[in-house]
Structure formats: structure tokens, C-alpha cells
Amino acid sequence: MEIAIIAHDTKKELMAQFCIAYCGILSKHNLCATSITAKYISDATGLNIERLLTGEQGGEQQIASRIAYNEIDVLLDFRDTRPSDFVDPVEHELFRMCDLYNIPVATNIATAEVIITALDRGDLDWREIYNPRSAYNQRRKK
């Protein structure tokens, strides 16, 4: 499966720890992440992660675009939980795209664990029907 990963600055260490814990499962899938998050995870785990632009430079828009082209199966997005009056339009659009294209999303570690363990059990294999062109599904057909 194609897994996209985003972690806001206050959550990068938590995301790295999550990826260490689930490295065995994540290593079976294709990963992409915003640049700095990808570096954190790669340095901590050795996982092969496609590095996109930083969030500020458009990495989240790149992920939204991939969702629109049916190239992402799961989104892990650990968000900043500090109170804010600012509504990020890019983040709002990213979640709208996930809703529109039926992409499972985890915004915290508890939900991420549920999604990753479900992925490992095969509970998300329905994405194979929905996204038959993903690299993951192409490998399974051989």
C-alpha cells in the first residue's frame, strides 16, 4: 500500500517513535513523507521513504494531489494539538480530499495504531479494488 506521512513540528519525535514500533509493518509498504518528517523517520528506522517537499514548501499539497490521482491508500498526519484560532486551508483541503476519495486517516497515535494493525491483518485490502494501479498491488499480482 501507499502510505503518506506528515508530522507537525511538535509531533515529529512521536511519529518517529511510532514508526520504530511499527517498522516491520511499514517496511512492507511504500512510504512518502514531507521532507523533514521523512528525515526523522529514516534516521530513526532506516526505512526507505520518498521525501517530498517540506510542508511549508508544498509537501502537503503534493500529498493532496497524489490522493486526487488515487496514489495514496493511507494518510498518517500527526497534527499540532495546541489551541489555535487559525484554520489552515491546506490542511482542510487535505482532509477534504481524504473524505472525498475514502482514504483512511490517522491524526493521532491511537488511530494510527488501529489503522496500521488493520493494514497488517489485511482489513484494508479493499483498497486493492479501489486502487489497483498502486505499486503495492502491482507487486501482489506477480
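The values are calculated or read from the model by the stated rules, or taken from the named source; none is laboratory data. Being a predicted model, the structure only gives us computed values, none of them experimental. All Cβ positions, even for glycine, are placed from backbone atoms using ideal geometry, and neighbour counts span all protein chains on display. The area values use the complete protein model at the heavy-atom level, side chains included, leaving out ligands, DNA and RNA. Shrake-Rupley method; radii C 1.70, N 1.55, O 1.52, S 1.80 Å.
Observations, loosely collected:
- The mean sequence separation of alpha-carbon pairs under 8 Å and at least six residues apart, normalised by the residue count of the chain, gives a relative contact order of 28 percent.
- Debye equation applied to the C-alpha atoms of the chain, log10 I(q)/I(0) at 0.09, 0.15, 0.16, 0.19 Å⁻¹: -0.24, -0.69, -0.80, -1.16
- Full extension of the chain between Thr54 and Ile20 gives 10.1 nm of extra length, using 0.36 nm per residue less the Cα-Cα distance.
- 19 Å Cα-Cα reach of Lys28 towards aspartates and glutamates, excluding residues that sit fewer than 8 places from it in its own chain: Glu2, Asp43, Glu50, Glu71, Asp73, Glu113, Asp120, Asp123, Asp125, Glu128
- Sorted into 10 angstrom bins from 0, the C-alpha pair distances of region 1-76 split as 22, 57, 21, 0 percent.
- The chain - percent of accessible surface contributed by carbon and sulfur, probe 1.4 Å: 51 percent
- Nearest-20 debye value, region 1-92 charge dipole, Cβ charges on Lys, Arg, Asp, Glu: 300 debye
- In region 82-121, chymotrypsin sites (Phe, Trp or Tyr not before Pro) in a DSSP loop with at most 11 other beta-carbon atoms within 10 Å: Phe86
- Summed side-chain charge close to Asp88 - residues other than Asp88 whose Cβ falls under 10 Å, Lys, Arg +1, Asp, Glu -1: -3
- Cβ-derived FRET efficiency at R0 25 Å, Ser27 paired with Ala118, nearest 0.05: 0.90
- GNM result for the chain, Cα springs below 10 Å: residue of Ala110, Ala64, Ala21 fluctuating most strongly: Ala110
- Mean accessible surface per residue for the chain, computed with a 1.4 Å probe while every protein chain stays in place, in Å²: 54 Å²
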